[in-house]
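Worksheet: the structure to be examined is printed underneath.
Derivation of every value follows stated rules applied to the coordinates shown; laboratory data play no part. Since we're looking at a predicted model, the values are computed, not measured. Note: ideal-geometry Cβ built from the backbone for every residue, glycine included; neighbour counts use all protein chains shown.
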Ligand SMILES: Nc1ncnc2c1ncn2[C@@H]1O[C@H](COP(=O)(O)OP(=O)(O)OP(=O)(O)O)[C@@H](O)[C@H]1O
Ligand SMILES: [Mg+2]
Ligand SMILES: [Zn+2]
């Protein structure tokens, strides 16, 4: 049986520009500059991970020094090429700015660069992850870039070009590396399979390319893991190695979203989490899934655009019928935002939960589109004779009259469609049945409101909830609470909160947690800031449209039925 001694992506690091796939816009320009001798003194290579930046930097460093270059490529055989490869020639210096980011590191380069190279024509500095340099180091680098000695070349590489000062940017010739296309990846993988003597099935290659999402290194790593198991790489093997279970879970999740079934979406997410599915990856996969739905919905020859099997294409077609294009775009938007937040380090699972919750419950989402739909529904209700509470009316209690308008007859959001009472208030805390409809359910019905007290033990309640009910804890993470009589009133600027608490056993779990912490049975409500008692005259009369918008936003519009 054959064995791999060196990881594939190292072994098959391209040695000449023509081996670099998917970046022809860059490699032809570079090769041409080398051939014609019109070199810049500083290059900036940017683009996502594993797309060939370091590879091209190394080729370029050799090519400018090679004794027998052909077509702008290094020969790979002369003493210079071999010396650079083996590390024997010290004129090509690779610096990892992630670990050498101080001003002194760059000053060293400056001092050193004033000397002529020892063996080569050019001293080449490859500064990888250049965005990691400190401010001082950037300034030192800038000085060198401003008056570079003729025998020095800089190649800066980074995935995060937006973190570079413009002063640096403006002194470099910039090349943007693209994600490698699936076709280019597949052909490179097949080339490697041929060279290594293993069999790579076509659908397996498609699958790897899809998983790698444009990163060639990732693709080769997955391939490596596969051939560690068998010299015949099949789609099943890829599936097994990559630890994914097809796209069934994606269809199931988006089905729940299409049905407006937030509880179902939470349940699915929960079981995926339990099966140690990586939430960041799931978020990326879901984004792609909705993108595919969008393509199927808009492009006639979708099969030429999508990387998927015929069966999957049918599934996409069927599911795309359940969404409007607008809804799909809104979902992509929400998922992309979630992905960005996750990258910034917020809790992955909670972020995804909140996002799915919003996607599945457009009625409680406060994004523009949802708002538009709600306004349309409200207009309908108005035409049908609905009455709105006057805006000047003083708030009787600071708990919102959370009676939900039977708006949006087309929105399949079960809980919002019922004339449900304030979800979390429990006029009769025991037994644990669903709250009963009653006209003024949520307010501690006290005409002279009792004084609110800050509920200091709320953080403890939250930590109990972290054990008891994770999704709920996620939704409540940034909340606080006040006490009023025997009510605990939740404070949160999460618009989904009332709707969320209405579903499942969440209200019960909060009460349970409160009881564990305080030893007392308390009732639940949602706190809302009392409106300023005497608003300034010029702001006291909002336009009717503003009033409706505000009411729609608050979710507290009261429509007179019956
Ligand atoms: N465009 C490409 N064509 C062929 N192989 C590639 C390409 N891009 C990457 N590879 C493969 O992936 C490996 C890593 O690529 P490289 O180090 O150039 O990526 P990078 O863009 O510098 O990534 P990072 O941002 O993580 O530093 C290479 O050794 C090579 O095997
Ligand atoms: Mg690199
Ligand atoms: Zn050479």
message: Could you tell me the relative contact order of the stretch 182-242? Use alpha-carbon pairs under 8 Å, at least six residues apart, and round to a whole percent.
response: 39
field: Spin-label model distance (nm) - residue 278 vs residue 199, 7 Å beyond Cα toward Cβ
entry: 3.0
message: If you consider only alpha-carbon coordinates, what radius of gyration and Dmax does the stretch 254-360 have, in Å?
response: 13.8, 39
statement: Semi-axes of the stretch 23-177 from the Cα gyration tensor (sqrt of 5 times each eigenvalue, largest first, whole Å) come to 23, 18, 14
- line: With Rg from the Cα atoms and Rh as the Kirkwood inverse mean 1/r over Cα pairs, the stretch 182-242 has an Rg/Rh of 0.90
message: Please list, by residue number, everything in the stretch 25-48 whose backbone N is under 19 Å from a paramagnetic label point 7 Å out along Cα→Cβ of residue 70.
response: 28, 31-37
field: Relative exposure of 518, 298, judged by other C-beta atoms within 10 Å (fewest first)
entry: 298, 518
- prompt: With N residues in the stretch 66-128, what two-decimal value do you get for its Cα radius of gyration over 2.2 N^0.38 Å?
  reply: 1.25
task: Output the antiparallel fraction of DSSP beta bridges having both residues in the stretch 23-177, as a percent to the nearest 5.
output: 5
- prompt: Can you work out the FRET efficiency for the pair residue 167 and residue 90, with r the C-beta to C-beta distance and R0 = 30 Å, to the nearest 0.05?
  reply: 0.55
message: Can you give me the C-alpha center-to-center distance between the stretch 159-186 and the stretch 262-325, rounded to a whole angstrom?
response: 29
- request: Could you tell me whether the stretch 126-198 comes out rounded, prolate or oblate from its Cα gyration tensor? Rule is a ≥ b ≥ c as square roots of the eigenvalues, rounded for a/c under 1.5, then prolate if a/b exceeds b/c, otherwise oblate.
  value: prolate
query: Which of the peptides 259-270, 50-61, 226-237 is most tightly packed, and how do the rest follow, going by the mean number of other Cβ atoms within 10 Å of each residue?
result: 50-61, 259-270, 226-237
message: Over the stretch 81-225, what is the relative contact order in percent, taking alpha-carbon pairs closer than 8 angstrom and at least six residues apart?
response: 20
- request: Please list 349-356, 37-44, 281-288 highest first by mean number of surrounding beta-carbon atoms within 10 Å per residue.
  value: 349-356, 281-288, 37-44
